[in-house]
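One structure is given below, encoded as structure tokens.
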Amino acid sequence: MRLIGENNEQLGIMSSREALDLAYEKDLDLVVISPNAEPPVCRIMDYGKFKFDQSKRLKEQRKAQKTVDIKEVQLSMTIDKHDVEVKARHAKRFLEDGDKVKVSIRMRGRQQARPEMGIEIMNSFFEMVKELGTIEKAPEIMGRNIFMVLAPMKVK
């Protein structure tokens, strides 16, 4: 097997017994890195420290990662101008935090005959928040509901 030392130096090709003896002398572990290679590659290292460093690196990566949540804002077909502005402020806050915003309108009764009114409300809502977000999914009618998804602007 090909042996690599604890400081990444090549120790050459030797038998597994010799490699184990060398690792035992240095009070370290013999770890098989690439068993399918010809000859197999092994490394002398402190395996416990290696596992600890690896878990620490993974933890740091997870901490740096931002999960994107989907927040929902519900409007109605008969919503007043001021109420739309309040909902737009909420949506702006969500977009600033880096979350996606799902905007929905539930049509009731006779409102189902005029879904284009709901789409107009959606478009006017987007005009209020367009400096912070983009339309990821355009307003779409699904049964009694109209949905639209807004995504935050890419930070440069």
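The values are calculated or read from the model by the stated rules, or taken from the named source; none is laboratory data. For clarity, every value in this text was computed on a predicted model and none was experimentally measured. Every residue, glycine among them, receives a Cβ derived from its backbone with ideal geometry; neighbour counts consider all protein chains shown. These accessible areas exclude ligands, DNA and RNA; they are computed on the full protein's heavy atoms, side chains included. Shrake-Rupley method; radii C 1.70, N 1.55, O 1.52, S 1.80 Å.
Values computed for the structure shown
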{"read-out": "Cleavage-rule hits, trypsin sites (Lys or Arg not before Pro), region 98-132, DSSP coil, Cβ neighbours within 10 Å at most 11", "value": "ARG108"}
{"read-out": "About the Cα centre, charge dipole magnitude for region 1-65 (Lys/Arg +1, Asp/Glu -1 at Cβ), debye", "value": "580"}
{"read-out": "Spatial extent of region 1-134: Rg and Dmax, with the Cα atoms as the point set, Å", "value": "30.7, 86"}
{"read-out": "Coil-residue GluC sites (Glu not before Pro) of region 59-156, DSSP, other Cβ within 10 Å capped at 10", "value": "GLU131"}
{"read-out": "Average accessible area per residue (Å²) across region 25-155 - probe 1.4 Å, nucleic acids and ligands excluded", "value": "69"}
{"read-out": "Span from the region 94-156 Cα centroid across to the region 30-44 one, whole angstrom", "value": "56"}
{"read-out": "Relative intensity, log₁₀ I(q)/I(0), of region 21-74 from a Debye sum that treats every alpha carbon as a point, q = 0.16, 0.18, 0.21, 0.30 Å⁻¹", "value": "-0.69, -0.77, -0.87, -1.08"}
{"read-out": "Sequence ranges 76-82, 14-20, 62-68, ranked by mean other-Cβ count within 10 angstrom, highest first", "value": "14-20, 76-82, 62-68"}
{"read-out": "Accessible carbon and sulfur surface of the chain relative to its total accessible area, %, 1.4 Å", "value": "51"}
{"read-out": "Taking the convex hull of Cα positions in region 100-156, its mean projected area over all directions (nm²)", "value": "3.7"}
